[in-house]
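> This is the structure I want to talk about, given as structure tokens.
The values are calculated or read from the model by the stated rules, or taken from the named source; none is laboratory data. No experiment lies behind these values; they were computed from the predicted model shown. A quick note on method: Cβ atoms are made from the backbone with ideal geometry, for glycine too, and the neighbour counts reach across all protein chains shown. In case anyone asks, the SASA skips ligands and DNA or RNA and just uses the protein heavy atoms, side chains included. Shrake-Rupley method; radii C 1.70, N 1.55, O 1.52, S 1.80 Å.
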Amino acid sequence: MARPKPKTVLRSIRIPSRLEDVLRADAEARGLSVNALVSSILTRYAEWDRFADKFGFVTITRNGFRALVEGMDDEGRERVGRETGSQNPREMTLFWYKKLGLDAFLDYLSLIRRYAKWSEFEVQRDERRVTIQMQHHWGPKASNFQRFFMEEAVRGIVGVVPECEVGRDSVLLRFTPPER
């Protein structure tokens, strides 16, 4: 069944001409209309930026993040991964969705994938089990950091401890969510 098209409204705004030039060039480069580009920018603001600012997010390059993770020793990666994974995802999920559980966790992952660009995620669900494949390009130390972070995130939001497999640039999580 197709999703119904969301209701739209017509809104007229004034912007500086230099901004119009940037929007037009970027829209053309992406094969979009200026309207579609502006809509995606506003969607990002509504879904991410206005909340991320409240949580104190900072922007860092992928190379900067990789350097931070690689600069930690094994104990530091585990400690920081577990500490941030037990606190940030749970607080963000409660703030964004006002609830915990599997669906809220999967919504959280969707936002992180789309806007924080931390990893690519593929989620598979069968009758009982959930499998999450994470893929990145930061090496094995980042995989270990992500493992500890995600173990705590799943524990704090879904309420179970996942089984984890770590690869060079990947983390595989498997778990059975609690019965509702």
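> Compute the angle between helix 140-157 and the longest alpha-carbon principal axis of the chain, please, reported from 0 to 90 degrees and rounded to the nearest 10.
90 degrees
> Rounded to a whole number of µm²/s, how large is the Stokes-Einstein D of segment 1-118 at 4 °C and 1.567 mPa s, given Rh as the Kirkwood radius over C-alpha pairs?
Values: Rh = 17.6 Å.
Diffusion coefficient, whole number: 74 µm²/s.
> For a Förster distance of 30 Å, can you work out the FRET efficiency between the beta-carbons of residue 179 and residue 7, rounded to the nearest 0.05? Each step should come with its number before you reach the end.
Details: r = 37 Å, r/R0 = 1.22.
Once the sixth-power term is evaluated, E becomes 0.25.
> While we're looking at this one, here's another question. Once the Cβ-Cβ distance between residue 107 and residue 137 is put in as r, and R0 is 22 Å, what FRET efficiency do you end up with, to the nearest 0.05? Display every interim value, and only then the final one.
On the way: r = 25 Å, r/R0 = 1.12.
Plugging the Cβ-Cβ distance into 1/(1 + (r/R0)^6) gives 0.35.
> Considering the chain as a Gaussian network with a 10 Å cut-off on Cα pairs, which listed residue, 35, 63, 88, attains the greatest mean-square fluctuation?
In the Gaussian network model the winner is 35.
> May I ask you to give the percent of accessible area on segment 80-170 that is carbon plus sulfur, with a probe radius of 1.4 Å?
That share works out to 46 percent.
> Using the beta-carbon distance between residue 75 and residue 126 and R0 = 45 Å, what value does 1/(1 + (r/R0)^6) give for FRET efficiency, to the nearest 0.05? Let's see the in-between values first.
Values: r = 36 Å, r/R0 = 0.80.
FRET efficiency, residue 75 to residue 126: 0.80.
> Dipole magnitude of the chain about its Cα centre, charges +1 at Lys/Arg Cβ and -1 at Asp/Glu Cβ only, in debye to the nearest 20? Before the final figure, lay out the partial values.
Numbers: 31 positive and 26 negative charges, 162 e Å.
In debye, rounded to 20, the chain gives about 780.
> Related question: Could you work out which residue, out of 170, 12, 119, moves most in a Gaussian network model of the chain, that is, has the largest mean-square fluctuation with Cα springs under 10 Å?
12
> Note down the relative contact order for the chain as a percent, whole number, built from C-alpha pairs under 8 angstrom at least six residues apart. Can you show the working numbers first?
Numbers: 198 pairs, mean separation 34.5, N = 180.
Result for the chain is 19 percent.
> Relative to the first principal axis of the alpha-carbon coordinates of the chain, what is the inclination of helix 74-97, with its axis defined by its Cα atoms, in degrees from 0 to 90 and to the nearest 10?
Helix 74-97 sits at roughly 50 degrees to that axis.
> Taking the solvent-accessible surface of protein heavy atoms with a 1.4 Å probe, what is the per residue accessible area of the chain in Å²?
Working: 12180 Å² over 180 residues.
About 68 Å² of surface per residue is accessible.
> Angle check, please: helix 34-44 long axis (alpha carbons) against the longest principal axis of the chain (alpha carbons), in degrees 0 to 90, nearest 10.
40 degrees
> For a 25 Å ceiling on Cα separation, which of these pairs sit above it: 54/99; 5/117; 5/54; 54/98? Provide the component values of the computation, followed by the final result.
Details: 54/99 18 Å; 5/117 27 Å; 5/54 30 Å; 54/98 16 Å.
The answer is 5/117; 5/54.
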